[in-house]
Structure formats: structure tokens, C-alpha cells
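> Sharing a structure here in C-alpha cells format.
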Amino acid sequence: MLSQYSRGALSGLLAGGLALGVAELAAGALGRPVSPAIVVGGAAVDRTPRFLKEFAIRTFGENDKLVLLSGVFATIALMAALIGVLAVRRRRAGLVAVAMLGLVAAGAAATRPTFRWYDLLPSLLAAVVGVVALARLLGSQGLGADAEREDAGPGRRGLLVTGGALVLAGLSGVGGRFLLRTRADVEASRRAVVLPRPVQPAEALPDGAQLKLRGLSTFFTPSADFYRVDTALSVPRLTTDEWQLKVHGKVDRELTLSYDELLKRPVVERDITLTCVSNEVGGKLLGTARWLGVELAPLLRELGVHADADQLVGTSSDGMTIGTPVSVVLDGRDALLAVAMNGEPLRPEHGFPVRMVVPGLYGYVSATKWLVDLELSRFDAFDPYWVRRGWAEQAPIKTGSRIDTPKPLSRTASGTIAVAGVAWAQHRGVQAVEVRVDGGAWQEAELSSAASKDLWRQWVWRWDAAPGSHTLQVRATDGTGAVQTQEREEPFPNGASGWHSIVVTIV
Ligand SMILES: Nc1nc2c(c(=O)[nH]1)N[C@H]1C(S)=C(S)[C@@H](COP(=O)(O)O)O[C@H]1N2
Ligand SMILES: [Mo]
């Protein structure tokens with residue numbers, strides 16, 4: 001038999017579920033990812049202290065968003081249940097609390113960078129639905145009626161109301177998600193893209209550029225395995241028809257490009273290794289892909305870049321801002337407006353329809369996904385998203401190397417063991433990799449053939465391993481002759497450094 005308070009909690013949960021469901025439906029009808037859970041989650045991401053964000057990336061990796069959204073839902077559910085309990089004795093206070101929750105969500109919606117006034121509607125609707133539903137569920141009908149005759153057990157009417165509310169909440173929630181997806185049918189738009197033939201295909205990789213070895217990262221990272229790092233709780237959904245790029249600011253002539261117009265420009269193909277500044281020593285936040293895109297430098301030159309423009313600010317459709325040095329974009333490297341990755345149009349989570357890729361710079365200062373705006377600006381005039389949170393304004397990729405095999409703490413039979421991994425120093429190139437065992441002399445590893453200096457290189461070193469516990473370390477030397485620094489630095493504020501070191505047991 002349910003106590004009065006359990007009924008209160010249940011009523012709160014049901015009212016909360018109904019409110020969220022209806023709000024999802026409203027957001028879907030608007031075609032905007034502005035349901036209360038998404039806007040509250042988004043506001044939380046923007047305000048999360050750095051250590052927590054890094055902890056989340058480290059611990060949950062690609063699932064960080066799922067974990068966050070689950071946390072938001074769990075918190076809302078807990079609050080709804082508590083409010084339900086409160087409302088058993090203090091009806092008015094409970095209803096006010098529900099309304100407040102809706103207003104908090106509306107407030108969160110208003111802080112989103114892409115805010116439009118109607119983004120308030122789902123949260124306001126949630127407030128109204130929540131208040132009405134809670135009042136009804138606790139009132140003279142439904143669950144409340146049973147509550148007054150507790151000995152009668154949960155009446156048929158109570159069960160009906162509960163079931164009905166659950167179904168309604170579920171249906172509207174699912175319906176809202178469905179509407180949001182069909183509103184902008186990104187999959188259809190992706191399928192319809194006909195990729196132009198590059199005027200310059202990627203440089204042929206020399207023989208031996210791709211080593212194949214058990215446990216070693218493949219030279220090209222399959223798109224499905226490519227790391228993903230962004231703040232988007234709901235992947236921005238933009239079709240090629242909707243997409244346009246505005247280029248403006250400190251230029252003689254502004255430009256607005258449609259997707260078709262973009263693809264009419266010469267398209268080049270380039271192999272580039274991307275790296276995230278949050279990648280820790282030994283981490284997996286980097287990957288190599290074959291990119292197809294329009295060269296950014298000639299496009300900007302045509303528009304007449306003003307001499308005092310030193311920062312190129314990219315903005316995504318979800319309001320992310322990323323600032324890149326103009327001098328780097330114009331220095332002759334392959335800065336791209338990329339449309340395809342590994343032979344297919346960009347996947348939605350990697351920035352469809354258009355993203356930036358600039359070899360040699362960490363992603364947070366170069367690789368704007370879902371790019372819709374480019375402004376020629378100045379570093380002293382504008383701080384982009386991550387810079388406002390203390391990360392370095394400029395961030396070339398530091399020389400790094402990683403042991404892929406053997407795995408840390410693994411046990412391997414003695415004999416000749418292939419120690420192998422990858423090394424990177426984008427736009428400077430990797431010229432040597434060395435390995436040492438138990439702090440002994442450095443041994444030269446064998447490198448995969450050198451391709452472009454914007455690519456990582458695989459390496460392998462054959463180790464005559466004797467039984468015992470051993471420490472393996474790796475370090476790379478970049479194309480300028482500089483040896484990777486041993487000094488350990490955390491990813492904040494401009495990328496991790498230090499030698500990757502693992503312990504293995506040989507038996
Ligand atoms: N719109 C948008 N673009 C973004 C980000 C983001 O959060 N939002 N994250 C950047 C970061 S930090 C990195 S490392 C790269 C990662 O690109 P990927 O997810 O395709 O690997 O995208 C960059 N572009
Ligand atoms: Mo990143």
C-alpha cells in the first residue's frame with residue numbers, strides 16, 4: 001500500500017515526466033534543440049569547472065554527454081519527487097516550486113549562444129504542464145482520491161491516471177525527438193551530397209608509410225573510431241540547403257557562400273592528423289583522416305584581408321567560437337573548409353556539412369565543426385569560448401609519441417617483442433623516435449616512411465625482452481631536430497607534454 005508521501009513522490013515524478021515530455025514535443029515542433037534537459041545540460045557544460053570537465057572526458061570519453069544528460073534527468077526526477085512530497089502538505093509551495101523549475105530552465109535557454117525568444121516556449125510550457133499536472137494528480141481526482149482512502153489500495157482510477165500520464169509523457173518525448181530529427185533530415189542531405197573530384201588528390205603515400213601490426217593504431221583512423229570532442233549535447237543538425245557561410249569583419253569585401261557555391265571552388269584532398277589539446281600523455285584523442293575541402297587561404301585573400309586582422313574567428317551553428325591566427329591560415333599550409341572525411345561527407349558528429357581543419361594546431365583553436373561564420377578579427381578584440389575559460393590563445397601542437405603495444409601492465413612471454421606506436425609533430429614532421437627500457441640507453445625505433453609533415457608516423461622497435469617487470473619509454477624528435485620534452489605538463493592550458501611511459505611484465 002502506498003503511503004501518502006509515496007503517492008506525493010509518484011505524483012511529482014509523473015507531473016515532471018509529463019512536463020518534460022510535452023516540452024520535448026514543443027522543442028521538436030520548433031525544430032530547435034531547446035528542451036529543458038538540453039538547455040540546462042548545455043548551460044551546465046559551459047559552467048563546468050575545468051577539473052570536472054577533464055575528469056568527465058578522462059572517465060567517460062565519448063559517453064561524457066550521455067552521462068551528463070542522464071545526470072540532468074536524474075536530478076530533475078529527484079527534485080520532482082521531492083516537490084511531490086512537499087506538495088502533499090503544502091500544496092501551494094509545491095506548485096510554486098514546479099513553476100520555478102520551469103523558469104530556471106527558461107533562464108538556461110536564454111543563456112544559450114544561439115538563443116531566440118521562442119526558445120523559452122518549451123520550458124515555459126513545461127512549467128504550466130507541471131503545475132497543472134501536479135495539482136490534478138494530487139487533487140480530488142486520480143491518485144489523490146486514493147490517498148484519502150488509503151485502506152482502499154491504489155484504485156483503478158489511480159492506476160489509469162498513472163498509466164495514462166506515463167504513456168503521454170513517453171509518447172510526447174519520443175515524438176519530440178522524432179520531429180527534431182525529421183525537421184532537418186541530415187541523413188538524407190548527407191546521402192544527396194555528390195562529392196566533387198579533387199583538383200589535387202592527396203599525395204600518394206610512399207611504400208611503407210602504413211605499418212600493419214597487431215595492437216598498433218592503423219595509419220588512417222576509421223571515421224567510426226575517430227575521437228569526438230565538442231560541447232554539443234545534441235549534435236547540430238544542418239542540411240546542405242540550410243547551410244551558408246558568412247565571411248566578414250576586417251575584409252574589403254564580405255562574402256556569403258552556399259554549399260553549392262563552396263563546392264564550385266577548387267577542392268583539394270589532404271591527409272592530416274588532428275589532435276585535441278585535452279589529449280593526455282598516452283591518450284587517444286588524436287586521429288588521422290583523409291580530408292576533402294576548399295582551401296581557405298586563397299578564399300580569404302580574394303576578399304582582401306586587412307593588415308590588422310590577426311585572428312580568424314569561426315562560429316558554429318550551435319554558437320561555439322574558435323579563434324585561429326590569420327598568419328597561420330595564410331602561411332601556405334593546408335587550412336581547409338572540409339566537407340568530407342575518409343571518402344564520405346563529414347559525419348554529423350564530425351561537423352557536417354562543413355568544418356575547418358588546420359594542420360599543426362590543436363582542434364580548439366582551429367577545427368570549428370558545423371562552421372557557419374568566419375570573422376576576420378583581432379586577438380585583442382575577441383576571446384573565443386575556450387580562451388574565456390583560461391586556455392591559451394594560440395596553441396600549436398606539441399611533439400608527442402605514444403606506445404600502442406604492448407599494453408600497460410600486460411604480461412608477455414619473453415623473446416623478441418614488437419614495441420610499437422605513433423609519433424606526431426604536425427607541420428614540423430617527425431624525424432626520429434627512440435625507446436628505452438628501465439631508464440637505459442635510448443634505442444632508435446624504425447619509422448614508417450615519411451609522408452607529409454602534417455601526419456603522424458608509426459614506429460616499431462624490436463625488443464629482446466628478458467623476464468621481469470620493465471618500464472618502457474618513448475620520445476620523438478621533430479623535423480626541426482627538437483627532442484620531445486620530458487617535462488610533464490597537464491593538458492591545461494596549451495597541451496600535455498612528457499614522455500609516455502608504461503610498465504609491462506615479461507614472463
Ligand atoms: N562547433 C564545435 N566545433 C569544435 C568543437 C566544439 O566543441 N564545437 N571542439 C573542437 C575540439 S576541442 C576538437 S579537438 C575538434 C575535434 O574534432 P572531432 O570531434 O571531429 O574529432 O573539434 C573542434 N571543433
Ligand atoms: Mo580539443
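The values are calculated or read from the model by the stated rules, or taken from the named source; none is laboratory data. Since the model is a prediction, treat every value here as computed from it, not as a measurement. Every residue, glycine as well, gets a Cβ built from its backbone with ideal geometry; the counts of neighbours run over all protein chains shown. SASA here: full protein model, heavy atoms, side chains in, ligands and nucleic acids out. Shrake-Rupley method; radii C 1.70, N 1.55, O 1.52, S 1.80 Å.
> Kindly give Rg over Rh for segment 319-383, based on alpha-carbon atoms, with the Kirkwood expression for the hydrodynamic radius.
Looking at segment 319-383, the ratio lands at 0.97.
> Moving on. Output needed for segment 4-183: three equivalent-ellipsoid semi-axes, defined as square roots of 5 times the C-alpha gyration tensor eigenvalues, in descending order, whole Å.
Working from the Cα gyration tensor, I get semi-axes of 31, 18, 15 Å.
> I've got another one for you. Please give the residues of segment 13-27, grouped as numeric ranges, whose backbone N is less than 18 Å from a label point set 7 Å along the Cα-to-Cβ vector of Leu166.
Correct set: 13-22.
> How many percent of the accessible area of the chain is carbon or sulfur, using a 1.4 Å probe?
After summing per-atom areas, the C and S share lands at 57 percent.
> So if we plug the beta-carbon distance of Ser3 and Val132 into 1/(1 + (r/R0)^6) with R0 = 30 Å, what FRET efficiency do we get, rounded to 0.05?
On the way: r = 24 Å, r/R0 = 0.81.
Between Ser3 and Val132 the formula returns 0.75.
> Next question. If the only charges are +1 at each Lys and Arg Cβ and -1 at each Asp and Glu Cβ, what is the size of the charge dipole of the chain around the Cα centre, to the nearest 20 debye?
Charge dipole, the chain, about its Cα centre: 1620 debye, nearest 20.
> Can you run the Rg to Rh ratio on the chain? Use alpha carbon positions and the Kirkwood inverse-distance Rh.
Ratio of gyration radius to Kirkwood radius for the chain: 1.07.
> Give the accessible surface of segment 4-183 per residue, rounded to a whole number of Å², with probe radius 1.4 Å and ligands, DNA and RNA excluded. Show your work: numbers first, answer last.
Numbers: 9250 Å² over 180 residues.
With the other protein chains kept in place, segment 4-183 gives 51 Å² per residue.
> Calculate the spin-label point distance for Thr111 paired with Arg301, positioning each point 7 Å from the Cα along the beta-carbon direction, and give it in nanometres.
Rounded to a tenth, the inter-label distance reads 4.5 nm.
> Using only the alpha carbon atoms of segment 34-136, find the Kirkwood hydrodynamic radius as the inverse mean reciprocal pair distance, in angstroms to one decimal.
Over segment 34-136, the inverse of the mean reciprocal pair distance is 14.6 Å.
> Oh, and also: I need the calculated FRET efficiency for the pair Leu82 and Ala392, taking r as the beta carbon distance and R₀ as 35 Å, to the nearest 0.05. Can you show the working numbers first?
Details: r = 43 Å, r/R0 = 1.23.
For R0 = 35 Å, the calculated efficiency reads 0.25.
> So how compact is segment 17-86: Cα radius of gyration and Dmax in angstrom?
Calculated on Cα positions, Rg and Dmax stand at 13.8, 38 Å.
> Under a 1.4 Å probe, what is the accessible area of segment 400-506 per residue, stated in Å²?
Computed with neighbouring chains in place, this is 41 Å² per residue.
> Would you mind putting 402-409, 413-420, 301-308 in packing order, based on average other-beta-carbon counts within 10 Å, highest first?
Those peptides, ordered most packed to least, come out 402-409, 413-420, 301-308.
> Enumerate the whole-percent occupancy of each 5 Å bin, from 0 to the last occupied one, for all C-alpha pair distances of segment 213-331.
Result, from short to long distances: 2, 8, 14, 18, 21, 18, 10, 6, 2, 1, 0 percent.
> Something else now. With point charges of +1 on the Cβ of Lys and Arg and -1 on the Cβ of Asp and Glu, referenced to the Cα centre of the chain, which listed residue (Gln443, Gly12, Ala232) lies farthest in the positive direction of the dipole?
After comparing all options, I get Gly12.
> Would you please give the FRET efficiency between Leu330 and Ala204, computed as 1/(1 + (r/R0)^6) with r the Cβ-Cβ distance and R0 = 30 Å, to the nearest 0.05?
Values: r = 27 Å, r/R0 = 0.90.
Efficiency for this residue pair is about 0.65.
> Once the piece of chain linking Ala441 and Asp260 is laid out straight, how much longer is it, given 0.36 nm per residue of separation minus the C-alpha distance between them? Intermediate results must be reported in sequence, preceding the final value.
Values: separation 181, 0.36 × 181 = 65.16 nm, distance 5.69 nm.
Full-extension gain reported as 59.5 nm.
> Points 7 angstrom from Cα along the Cβ direction at Glu344 and Thr485: gap in nanometres?
For the pair Glu344/Thr485, the computed spacing is 4.0 nm.
> Additional query: For segment 277-380, build the convex hull from the C-alpha positions and give me its volume per residue in Å³.
Value for segment 277-380: 111 Å³ per residue.
> Under unit Cβ charges (Lys, Arg +1; Asp, Glu -1), what dipole magnitude, rounded to 20 debye, does segment 4-183 have relative to its Cα centre?
Around 260 debye, computed over segment 4-183.
> Take the Cα gyration tensor of segment 400-506, multiply each eigenvalue by 5, square-root it, and list the three semi-axes largest first, rounded to whole angstrom.
Output for segment 400-506: semi-axes of 24, 16, 11 Å.
> Using the Cα centre of segment 4-183 as origin and beta-carbon charges of +1 (Lys, Arg) and -1 (Asp, Glu), tell me which of Ile57, Gly130, Ala43 is placed farthest towards the positive end of the dipole.
Of the options given, the answer is Ala43.
> Could you compute how fast segment 410-456 diffuses translationally, taking Rh as the Kirkwood radius over C-alpha pairs and applying Stokes-Einstein at 20 °C with viscosity 1.002 mPa s? Give it in µm² per second. Show your work: numbers first, answer last.
Numbers: Rh = 12.6 Å.
It comes out at roughly 170 µm²/s.
> Another question, if that's okay. With a 1.4 Å probe and every protein chain left in place, work out the accessible area per residue of segment 260-368 in Å², rounded to a whole number.
Here the per-residue accessible area is 26 Å².
> On a full-extension model of 0.36 nm per residue, what is the gain between Val174 and Ser410, subtracting their alpha-carbon distance, rounded to one decimal in nm?
Residue separation times 0.36 nm, minus the Cα-Cα distance, leaves 80.5 nm.
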